[in-house]
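Just so it is clear, none of the values below were taken in a lab; they were calculated from the coordinates. Only a predicted model underlies this, so the values are computations on that prediction, with no experimental measurement involved. So basically every Cβ, Gly included, is an ideal-geometry build from the backbone, and we count neighbours across all protein chains shown.
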Amino acid sequence: MRLLDSCGIAKDITALVKESVQELKFSLRTSRDETVMAHDIDTYMAPRRKVYKRIKKCIKNMKGSKQFSPNAVQYKDQDLKTITSKLKETKAIGFSYSNVLKQLKALEMVILEIEEGLESTFRNLVKERVSLVTALSH
């Protein structure tokens, strides 16, 4: 059950990140003023800390599950740190317009892959849950 909840939280977080990436891309395309662009990027980065905390909480929750492999959690935790550092690097690069758009496009592709993986995992967890409930009720 924890895995199913964690998967749902991860799907919600992914949707939030995807939405904020799209908003930032729109803002960058419509604004040519560097101070406005810098402000928009700062606005984009601020919620990242909240998302990071939610992901850490989700990972902590999964670590408590006996069904979940600690190695997989460590691997995902390292991936999270890598993604977060890449987001920070994007901010520190100097924000050239084309570079930021390329980074956002790459991030959108990663988000799409994550969404597909989460959707598949979520469906499999629901199927397993239904199978367990069916087996226990007979």
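Listed values, structure above:
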read-out	value
Hits among aspartates and glutamates - C-alpha to C-alpha of LYS57 under 16 Å, sequence gap 8 or more where chains match	ASP5, ASP12, ASP77, ASP79
Pairs beyond 31 Å (Cα-Cα), from LYS105/LYS127; LYS102/LYS127; LYS11/LYS105	LYS105/LYS127; LYS102/LYS127
Estimated distance in nm for a label pair at ASN99 and LYS56, the labels positioned 7 Å out from Cα along Cα-to-Cβ	2.8
